[in-house]
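The structure under discussion appears below in the form of structure tokens.
Coordinate-derived values only; no laboratory data. The model shown is predicted, which means the values in this text are computed figures rather than measured ones. Here the Cβ is made from the backbone with ideal geometry for all residues, glycine too, and neighbour counts use every protein chain on show.
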Amino acid sequence: MLKRSESGKTPGYAGRPAPPPEPESSPAQAGPLDRFDIAILRELQADARLSNAELAARIGLSAAPTWRRVRRLEASGVITGYRVEIDRRRIGLGVLAFVRMDADRHNAAATHELERVIRELPEVVACHYISGSGTFELQVLATDLDAFSRFAREVLLKLPHVKDLHTSFSLGEVKAGGAWPLGHLER
């Protein structure tokens, strides 16, 4: 349930997408992050549903400068969006698989085509281009082992330029959905 202010409007950041970053945005273009920016990032990672007033109180600034700082962090691409965390098991996604995918060709066109197709698969919740053996490391969610097996055979193995798959399954999560570490910004 969204928090509401006394006026009945939903303040804060949840549900409001951040503006898209500029094509050349990077943390360096955001300018140096000071202690207030870092505090904003820390607080919003802990609870993105904070109203601007609550956020301002927690970081020790008034509401207007806090709002401007959040907008600047969004516009520069440091803040890329706001999300809700869902317990995958409670919605019937009992299998988390780590799939190392080997591509049969390593040229730019083949790699870009495979990347494009992977981005369109909702079962793939994360994908990284990796070093070492393999081309991509995917995190795939499925309801059960039979559903994962079907997805691997009927979808993943039929993707363009896929040579082989190597799969490991999560036997239990030790840590997931953690906030990004920010200690290096405070030095």
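So the values come out like this:
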{"item": "Check: the range 88-169 dipole with +1 on Lys, Arg Cβ and -1 on Asp, Glu Cβ, in debye", "result": "200 debye"}
{"item": "The range 36-110: C-alpha gyration tensor shape, a/c 1.5 cut-off, then a/b vs b/c", "result": "oblate"}
{"item": "Length-normalised contact order of the range 34-76 in % [C-alpha pairs under 8 Å, at least 6 apart]", "result": "37 percent"}
{"item": "Net charge of Cβ neighbours under 14 Å - reference Glu85; Lys, Arg +1; Asp, Glu -1", "result": "+3"}
{"item": "Sparse-neighbourhood loop sites, GluC sites (Glu not before Pro) in the range 86-125 - DSSP loop, at most 11 other Cβ within 10 angstrom", "result": "Glu120"}
{"item": "Residues His161, His184 arranged by fewest to most Cβ contacts within 10 Å", "result": "His184, His161"}
{"item": "Compactness of the range 31-187 - radius of gyration and Dmax, Cα, Å", "result": "20.0, 56"}
